[in-house]
Structure formats: structure tokens, C-alpha cells
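Structure provided below as C-alpha cells; questions to follow.
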């Protein structure tokens with residue numbers, strides 16, 4: 001093995017906890033009493049709209065506006081008539097989201113082990129370039145990552161084979177010498193293997209941690 005490529009959200013970065021915390025605080029700012037239904041609906045809507053961004057149907061800002069179009073009725077809030085108003089409302093959520101960013105406790109140790117093994121380290125994420133790089137910087141992982149490949153920089157996202165292959169080229173390794181690790185079995189495992197990489201599924205809900213997949217070379 002010469003390189004390891006990590007997914008970012010819910011692999012190195014705890015997106016679900018950060019987003020859930022932000023959602024509760026944002027809803028409170030709006031003066032609305034919390035309901036557990038909000039969390040379920042928010043993440044459902046996020047997935048649908050974000051998939052449309054990854055496939056090029058929406059811009060990154062467009063998927064944020066689409067999320068509000070679907071979610072504000074859940075809150076019983078009126079729909080603004082202008083995009084600028086939607087952007088301002090979403091910024092209230094983003095403020096709390098950015099303030100909640102955190103790495104998983106096992107993320108930094110895994111990157112240190114990978115670097116100690118002499119492996120090149122990359123991140124392949126279906127996300128926006130600016131935001132994903134900011135996440136890595138804020139959670140302290142940026143110095144350990146050589147290549148950050150995003151949907152925006154590549155022009156396509158996982159599971160398009162070229163997403164994995166381009167990341168390997170940027171790391172100057174052959175696909176067969178690279179290991180992809182991520183929480184999404186379809187995108188991070190099946191897609192990577194179809195492109196010729198090795199791949200392992202990080203099943204955090206089942207109690208799996210990165211130290212089980214990234215081990216020192218003895």
C-alpha cells in the first residue's frame with residue numbers, strides 16, 4: 001500500500017453530530033419549539049438536495065436554497081420570495097454548523113499512523129472545495145492531508161470511477177496501491193473497488209473505528 005484516501009463527512013469529520021447540534025440551535029434562534037421530527041426531515045432533505053448537487057443538477061448554493069424550500073414548510077415558516085433572503089436564513093444555520101465542527105477522536109491518530117507508514121494521504125469528498133478545506137483546517141487535520149479532491153474541483157463525484165482515479169493520479173499512485181476508507185458503502189467501497197482501488201467500510205454505527213482499518217506497519 002502506498003496511499004490511503006479518506007472520505008471526509010462522517011469518516012474523519014463528525015458531520016451528523018455537528019449538523020444535528022446546529023439544527024437544534026438554529027431552530028431555537030427562529031423561536032420554534034423543538035420536535036424530533038425536524039431532525040429526521042432535515043437529514044432526509046439534505047440527502048436528496050445534496051445528491052442533486054453531486055450530479056450537477058444544482059450548484060452548492062442552489063442545494064442550500066432547495067433545502068430551505070423543502071424544510072421551511074416543516075417548521076411552518078413562510079417562504080421568502082428572494083434568493084438573498086433564503087441565503088440569509090441559511091446563514092443562521094451555517095453559523096451554528098461551523099461552530100460545531102469537530103473531528104472524530106480516532107481521525108488524527110489514523111492520519112498519524114498513515115503518515116508513519118510512509119503512505120500518501122488524500123481526501124475524496126462529495127463536497128464543496130472551500131467548505132471541505134475549511135473543515136480540515138478547523139479540525140486540525142489539514143497538515144496531514146496532501147490532496148483534497150472535491151466534487152467541485154473534479155467536476156464529478158463518487159461513485160463516478162474517474163473521481164477515484166483522478167485522486168490516485170494526484171497522489172501519484174496506481175489505484176491498486178491505494179486504499180479508500182469511508183462510511184458510505186456504496187460510494188466509498190463499491191465505487192472505489194469498481195475503479196480498481198482497495199476499499200474498506202468504516203461502519204461507525206456498528207462500533208467500528210479507524211484504528212481497526214489503519215494500522216502501523218510492523
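The numbers here are math on the coordinates, done by the rules we state, and not lab data. Keep in mind the model is a prediction, meaning the values are calculated, not measured. Quick reminder, even Gly has a Cβ in these numbers, built from the backbone with ideal geometry, and neighbours come from all protein chains shown.
When only C-alpha pairs under 8 Å and at least 6 residues apart count, what is the relative contact order of the chain, in percent?
On the way: 332 pairs, mean separation 58.8, N = 218.
Reported as a whole number, the value is 27 percent.
At what distance in angstrom do the alpha carbon centres of the range 1-30 and the range 167-204 lie from each other?
A separation of 20 Å, based on Cα centres.
What is the fewest-to-most order of 218, 35, 18 by other Cβ atoms lying within 10 Å of their Cβ?
218, 35, 18
Enter the angle in degrees (range 0 to 90, nearest 10) between the Cα long axis of helix 60-75 and the first principal axis of the Cα atoms of the chain, meaning the one along which they spread out most.
The angle comes out near 50 degrees.
Quickly estimate the mean residue ellipticity at 222 nm for the chain, helices only: each DSSP H run with n ≥ 4 gives -39500 (n - 2.57), and the total goes over all residues, rounded to 500. Can you show the working numbers first?
On the way: 9 runs with 106 residues, N = 218.
Helix-only estimate at 222 nm: -15000 deg cm²/dmol.
Right, here's the next one. Taking other Cβ within 10 Å of each residue's Cβ, how do 32, 217 sort, fewest first?
217, 32
Of all alpha-carbon pairs in the chain, indicate the percentage at a distance above 27 angstrom.
33 percent
In degrees between 0 and 90, to the nearest 10, how far off the longest principal axis of the chain does helix 36-54 point, with axes built from Cα atoms?
60 degrees
Between the range 93-122 and the range 147-163, what is the separation of their alpha carbon centroids in Å?
The two parts, judged by their Cα centres, are 19 Å apart.
To continue, here is another question. Angle check, please: helix 161-171 long axis (alpha carbons) against the longest principal axis of the chain (alpha carbons), in degrees 0 to 90, nearest 10.
60 degrees
For the range 118-195, what size does the Cα cloud have along each of its three principal axes, sorted from largest down, in whole Å?
Taking max minus min along each principal axis of the Cα atoms, the range 118-195 gives 33, 27, 21 Å.
Provide the three semi-axes, in whole Å and in decreasing order, of the ellipsoid equivalent to the range 15-99 as defined by the square roots of 5 times the Cα gyration tensor eigenvalues.
19, 15, 12
Okay, moving on. Could you list 69, 96 in order of exposure, starting from the residue whose Cβ has the fewest other Cβ atoms within 10 Å?
69, 96
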